[in-house]
Each structure stands twice: as structure tokens, then as C-alpha cells.
Amino acid sequence: MRILTTFLTLAACLAFSSGPAAAAATKTTVNIAVVVNPSFVHTRAANWFKEEVEAKLPGKYDIVIHHSGTLGSETQVLQQIQLGTTQMTICTTGPVEAFVPEIKVLEMPFLFPSYQAADKVLDGPIGQDLARRLEQQGFTVLHFLDNGFRNVTNSKKRIRTPGDLAGMKIRTMEAPTHLAIWRAIGANPTPMAWPIFTALQQGVIDGQENPVAVIYAAKLYEAGQKYLTLTRHVYSALAFISNKAFVDGLPEADRKVFFDAARNASLRGRAFIRDNEAKQLAELIAAGMIVEKHPDIAAFRKVTEPVIAGLDDKTKKIIDQIKQAVK
């Protein structure tokens, strides 16, 4: 009798272990780290990706989104992805420069005349070439999206010319190219990881530079950023990046779902930025920001020309290819 009871108990355990709980236990966890809060396009795109993957591959993957910098700065997250301890991120391309120097071509001042020009470059051979360079460092680019074009804000005064920014402490990304741009303009660039609200609020820095979408989502006007100048000096590309070994290790059908979902999320992200830019700008003005819509772009362009002129020949060659592509 004891043997029969033991057998029935074992059979029940085996039956339970093959049920829903066991299926849930076999899910593969995919961690996506972003440094911004859920209102930013980075996190929105990550959520759109999650929804599509989990809908098309039910029960197989648990996509976990770590937002608001809970896993570290963008540089730290990229290091984690390179090591394989975090699987994915959607990040600005500035910090990627530390891993793939050639990516800085996307950060050059006044290089892209429009969103359409940027799409043509990133969705074409140049974008594919940059993606291959990232693969050599252990990354896979699932797709490119963007944040918009970068503009400068500050708490001090209205800005129209580069000279108006002389000596002003402007927060930049932790990227050499961005430091070089703001030194050329004549400001005092201060590299700082996101978020920066408290540093602005406390006057540690006078201003910062970001697209309208970021200024709006972060409510930087509440941190004393009263003045906004639409310089549109740099196109702010975002990259949907994964650990290469992780993506390569997926079953072929699953890998296609991941790439398709990343593409769809990225295209939705592009549309979100572009469709909302005018509305967000109007709301920033309504919130009290003073906007300089017509700064002296020719002057900004001229003072930043040495940033490109000082590059190595290999990088200049890629920039020349971009210029030809966007003609």
C-alpha cells in the first residue's frame, strides 16, 4: 500500500510539473535596460517590442523592461550587454562611440538636413556598415530609431548666436564628439549621465541640449530651464541593440520575430517623435518656456566646422558617403 501511495504521489508531482507552472518556468527572460522613464520613446518602443514578441511567441519569453536607469547609465548598460549580463537596450548613439568610434559620424553637427535624410542613411548601406562594426564588438543592431534633433536650453538668457553661450555650463552626453561640439561653440561642456533634472534644478549646470521630445518628457522647464533655442545642431539617433550571442542563439523562427518586432517598434518610435514634435513645442511654450525659433544657424554651423575637419580620414570617408546619400 505504501508503495502504491508513493507511486501515485510521484505521478501527481510529474503531472503538476508538466502543467502551466512548468511551462512558465521554461520562459526565457529578456532584460531590456533604458535610462529614461516610461514617457520617453525609448521605453515606449521597448514596450511595443515586448507586446509583439510575447503575442507572437506566447509562453516562450518574458520581456522585462528596466527603465529610469535602474541598471545604470547608457555606458554601463552597453558594457553589460557586451558581457551578456543584460540582453538589450534602446540608447542614444553618443555613448556607443566608446565601443565603436565610427558611430560618431551620426553625431556630427548639421550633417542631416531632415528626418527623411537620416532614415535614408540608417536604413541603407551606411547603416548596415555601422551595424557590422558593432557586431565586431559583440553587439547586434536590431534597428535604428531616433529622439529628434537636438536643441539647447538654459536658465540664464535667450540664445541666438554661439557667442551668447560663451562660458555657459552645458550638460552633454558622455561622448567625446559632443564635448568637441560644445567647446567649438564656446560653452563649457559638462559630461553627465542621465537623469539631469536635479543638477539643473540646483544650478550645478546652466543648461543642456536635447530634442524637443526629451525636454518635454523630462519637464525640464520645472528645473528652471526657461530658454529654449531651436538649433537642431545634431540628429539624435537611437539604436535598438542586443547582445549578439543572445540573438544568434535564438531559434531561427524566433529570431525573425525579434527582428520584425524591433523594426515595427522602431518605426512606431520614429512616427511618435515626428507626429508629436509641434504639439510638444506648443505645450512647452504654454508652460512658460521662451523659445528662440530662428537662431543664427549659419554662425553655429561655421563654428562647429572644425569638429568634422579634425576627424581622421577613415571617419571623414563615411561622412562623405553620408553627404552623397542625403543630396
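The values are calculated or read from the model by the stated rules, or taken from the named source; none is laboratory data. Everything numeric in this text was worked out from a predicted model, so none of it was measured. Here Cβ is always computed from backbone atoms with ideal geometry, including for glycine, and neighbour counts include all displayed protein chains. Each accessible area value is taken on the protein alone, full model and side chains, heavy atoms only, with ligands, DNA and RNA left out. Shrake-Rupley method; radii C 1.70, N 1.55, O 1.52, S 1.80 Å.
Quick notes on this one:
- Against the main long axis of the alpha-carbon atoms of the chain, helix 252-286 sits at an angle near 40°.
- Taking one quarter of the surface of the C-alpha convex hull of the stretch 94-250 gives a mean projected area of 9.4 nm².
- Residue-normalised accessible area of the chain, given per residue in Å² at a 1.4 Å probe: 44
- When the C-alpha to C-alpha distance is required to be over 24 Å, the pairs from Lys50/Lys323; Lys60/Lys256; Lys27/Lys50; Lys56/Lys279; Lys56/Lys244 that qualify are Lys50/Lys323; Lys56/Lys279.
- Figure legend: label point modelled 7 angstrom from the Cα of Tyr115 along Cα→Cβ; residues of the stretch 251-290 with amide N under 13 Å from it are 267-281.
- Against the chain, whose longest principal axis is taken from its Cα atoms, helix 313-325 shows a tilt of about 90°.
- Where Rh is the Kirkwood radius over Cα pairs, Rg/Rh for the chain: 1.08
- Backbone N within the stretch 94-133 under 12 Å of label point (7 Å from Arg301 Cα along the Cβ vector): 110-114
- log10 of Debye I(q)/I(0), alpha-carbon scatterers only, for the stretch 242-292 at 0.17, 0.24, 0.26, 0.29 Å⁻¹: -0.64, -0.88, -0.94, -1.01
- Value of relative contact order over the stretch 101-239, rounded to a whole percent, pairs C-alpha under 8 Å and six or more apart: 39
- Cβ-Cβ FRET estimate between Gln79 and Glu51, R0 fixed at 35 Å, reported to 0.05: 0.80
- Portion, in percent, of the accessible area of the stretch 22-143 that falls on carbon or sulfur, probe 1.4 Å: 50
- Look at the alpha carbon pairs under 8 Å that are at least 6 residues apart: their mean separation over the length of the chain gives a relative contact order of 24 percent.
- Its residue count N fixes a reference of 2.2 N^0.38 Å for the stretch 93-146, and the Cα radius of gyration divided by that reference is 1.08.
- Additional length obtainable on full extension of the chain from Asp275 to Val64, 0.36 nm per residue less Cα span: 73.2 nm
- Tilt relative to the chain, helix 176-185 - C-alpha long axis, 0 to 90 degrees, to 10: 20
- For the stretch 58-178, relative contact order (Cα pairs under 8 Å, six or more residues apart, normalised by length) works out to 26 percent.
- Each Lys and Arg Cβ is given +1 and each Asp and Glu Cβ -1; about its Cα centre, the chain then shows a dipole of about 400 debye.
- Pairwise FRET efficiency - Ala253 versus Lys157, Cβ, R0 = 41 Å, nearest 0.05: 0.10
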